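Each remark here refers to the structure printed beneath this line.
The values are calculated or read from the model by the stated rules, or taken from the named source; none is laboratory data. Being a predicted model, the structure only gives us computed values, none of them experimental. Here the Cβ is made from the backbone with ideal geometry for all residues, glycine too, and neighbour counts use every protein chain on show.
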Amino acid sequence: MRLNRTLRAAAAAAVLLTAAACGSSGSGGGSAATGFNPPDLKAPSKLGKTEGQVNLIAWAGYVEDGSNDPKTDWVSDFEKQTGCQVNSKVAASSDEMVKLMKTGEYDAVSASGDASLRLIASGDAAPVNTDLVPNYKDVFSGLKQQAWNSVKGKAYGIPHGRGANLLMYNTDKVKPAPTSWSAVFDDASRYKGHVTAYDSPIYIADAALYLKATRPELKIKDPYALDQKQFDAAVDLLKKQNADVGEYWSDYLKEISAFKSGDSVVGTTWQVIANLTGDEGAKVKAFVPKEGSTGWSDTWMVSAKAKHPNCAYKWLDWIVSPKVNAQVAEYFGEAPANSKACAETSDKNWCATYHASDESYWKNIAFWNTPIQQCLDGRTDVTCVPYAKWVQAWTEIKG
């Protein structure tokens, strides 16, 4: 098992600042953005002859051809079966993915929710005809037609996988066992210097999710749709938390090391990190607190300028085919998107551990989305704080 990804939040989403967006994401994934008006682009009605190659942008671990690990290769068979030579570039951030897609040199990208709306709004990502992706029919329903991958019933990509941001704690040093995110917010002083948090502006949504439950007077509906008052409350909470944080993490190896040494005893994590930390001998548990959690869902999107669209569609179908989707999920550390992938995992408990088919679990996950001025929760009487200001605030929070 390996996790190489660095999920850094995007910088300013300038093209989205004036885009009209509404629709509610609720406490979980939510509905597609209904008031969002991207360029009028059309999906293909049929596929033609494959072009012989495809250029992909991906998170590390999503496009493996055996060069990193001889035992990990789902690209070679794709090339043999389709005749499409895969050329891939690993991106370190959503911002880099957006920048690369704008060049028109790439055919498809594995975009996270903090990038997908920008790609749709700018016209860099085209709608996808899911009828041309046979394996789409077996994708979990909870991943289809969501606020980060569709607009007005029109799909803009094929869901790849998903994961939740969990609360992890040292079972020896954090007692009684926590049930709430209060362990890292209002009660963080109990573990002063040993609290850890994810190093990204998108972490502001975690504070907003907590305030949604604990300060109802703020009337937060969606942690990615914050008016100025709501945003200020979340930022203030994180500035207070900063005094108790020993380390902000983006490198999963550092978090594992910190929990092993005792430098960190409580904080946010991913399931795969919790598994690896436990395998290293640390006494930890990780779970979704009573307030719910934030999370991420990645979508393979096709460039509106794709030079190899037929090979791109072949790739979209391949990457969510049961066997390949299972391989990617286990290598990367996530829940697969294809419901039939669970029967293909080498670890037969994988899908249970990652709650792959438990839609009630995912209803408590607020998946990453791109904050914009037009509030994603449907409000029209206020202006919400766009992501560029989240980036600025994050610098202030960390001091």
| said: Out of the residues in the stretch 252-284 meeting the condition of being of a type outside the set (V, I, T) and closer than 21 Å to A366 by Cα, tell me which one is modelled with the highest pLDDT. | reply: G267
| request: Give the stretch 379-399 a look and list any residue that's buried (at least 17 other Cβ atoms within 10 Å of the Cβ) and in a loop (DSSP other than H, G, I, E, B), or say none. | output: R379, V385, P386
| task | Assess whether G193 counts as being modelled with pLDDT under 95 and more than 19 Å from T370 (Cβ to Cβ). | result | no
| note | Within the stretch 324-354, residues touching a residue at least 60 places away in the same chain (Cβ under 8 Å) and part of a helix (DSSP H, G or I) come out as V324, N325, Q327, V328, A329, E330, Y331, F332, S339, K340, T353
| note | Selection from the stretch 71-116 of residues of a type in the set (A, V, I, L, M) and assigned to a helix (DSSP H, G or I) yields M97, V98, L100, M101, A115
| message | Please pick out the residue among D131, D114, D107 that is more than 24 Å from C375 (Cβ to Cβ), touching a residue at least 60 places away in the same chain (Cβ under 8 Å) and among the acidic types (D, E). | response | D107
| task | Specify which of the listed residues (T294, T299) is among the β-branched types (V, I, T) and in contact with an Asp or Glu (Cβ under 7 Å, 6 or more places away or on another chain). | result | T294
| Just one of P134, P159 is farther than 24 Å from E96 by Cβ and modelled with pLDDT of 95 or more; which is it? | P134
| request: Go through the stretch 181-208 residue by residue and tally those that are more than 16 Å from the chain's Cα centre (by Cα) and either hydrophobic (A, V, I, L, M, F, W, C) or outside the structural domain of W390 (by TED's automatic domain parsing) (or both). | output: 9
| note | Residue hits (the stretch 355-399; in contact with a Gly (Cβ under 8 Å, 6 or more places away or on another chain) and either free of Cβ contacts under 8 Å to residues at least 24 places away in the same chain or under 15 Å from D232 (Cα atoms) (or both)) are none
| query | Does any residue of the stretch 340-360 turn out to be touching a Leu at 6+ places or on another chain (Cβ under 7 Å) and within 30 Å of D107 (Cβ to Cβ)? | reply | no
| message | Checking G281 against (1) of a type in the set (G, A, S); (2) assigned to a loop (DSSP other than H, G, I, E, B); (3) buried (at least 22 other Cβ atoms within 10 Å of the Cβ), only one condition comes out false. Which one? | response | (3)
| said: So W148 ticks every box in (1) modelled with pLDDT of 95 or more; (2) crowded, with 24+ Cβ neighbours inside 10 Å; (3) of a type in the set (F, W, Y) but one. Which box is left unticked? | reply: (1)
| Flag if G153 is under 22 Å from W362 (Cβ atoms), in contact (Cβ under 8 Å) with a residue 40 or more places away in the chain, surrounded by fewer than 18 Cβ atoms within 10 Å (Cβ to Cβ) and not assigned by TED's automatic domain parsing to the domain that holds I273 | yes
| Taking the stated definitions as given, is A188 aliphatic (A, V, I, L, M), touching a Phe, Trp or Tyr at 6+ places or on another chain (Cβ under 9 Å) and either over 17 Å from F287 (Cβ atoms) or at pLDDT 95 or above (or both)? | no
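Kindly establish whether A312 is surrounded by 21 or more Cβ atoms within 10 Å (Cβ to Cβ) and under 30 Å from L167 (Cα atoms).
Working: surrounded by 21 or more Cβ atoms within 10 Å (Cβ to Cβ): yes; under 30 Å from L167 (Cα atoms): no.
No, not satisfied.
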| remark: Checked against (1) under 28 Å from S250 (Cβ atoms); (2) hydroxyl-bearing (S, T, Y); (3) buried (at least 16 other Cβ atoms within 10 Å of the Cβ), S339 satisfies every condition except (1)
| Can you find a residue in the stretch 64-76 that is within 18 Å of K42 (Cα to Cα), surrounded by fewer than 24 Cβ atoms within 10 Å (Cβ to Cβ) and either over 18 Å from the mean Cα position of the chain (by Cα) or outside the structural domain of Y224 (by TED's automatic domain parsing) (or both)? | no
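Could you tell me whether G292 is touching a residue at least 24 places away in the same chain (Cβ under 8 Å), at positive phi and under 20 Å from the mean Cα position of the chain (by Cα)?
Considered against the rule, which asks whether it is touching a residue at least 24 places away in the same chain (Cβ under 8 Å), at positive phi and under 20 Å from the mean Cα position of the chain (by Cα), G292 comes out as yes.
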| Test for E96: is it charged (D, E, K, R), within 21 Å of N310 (Cα to Cα) and surrounded by fewer than 24 Cβ atoms within 10 Å (Cβ to Cβ) | no
| note | Pairing a residue in the stretch 250-273 that is under 24 Å from A205 (Cβ atoms) with any residue that is part of a loop (DSSP other than H, G, I, E, B) and small (G, A, S), where Cβ atoms lie under 6 Å and the two sit 6 or more apart in sequence or on different chains, gives A258/S264; F259/A282; V272/G333
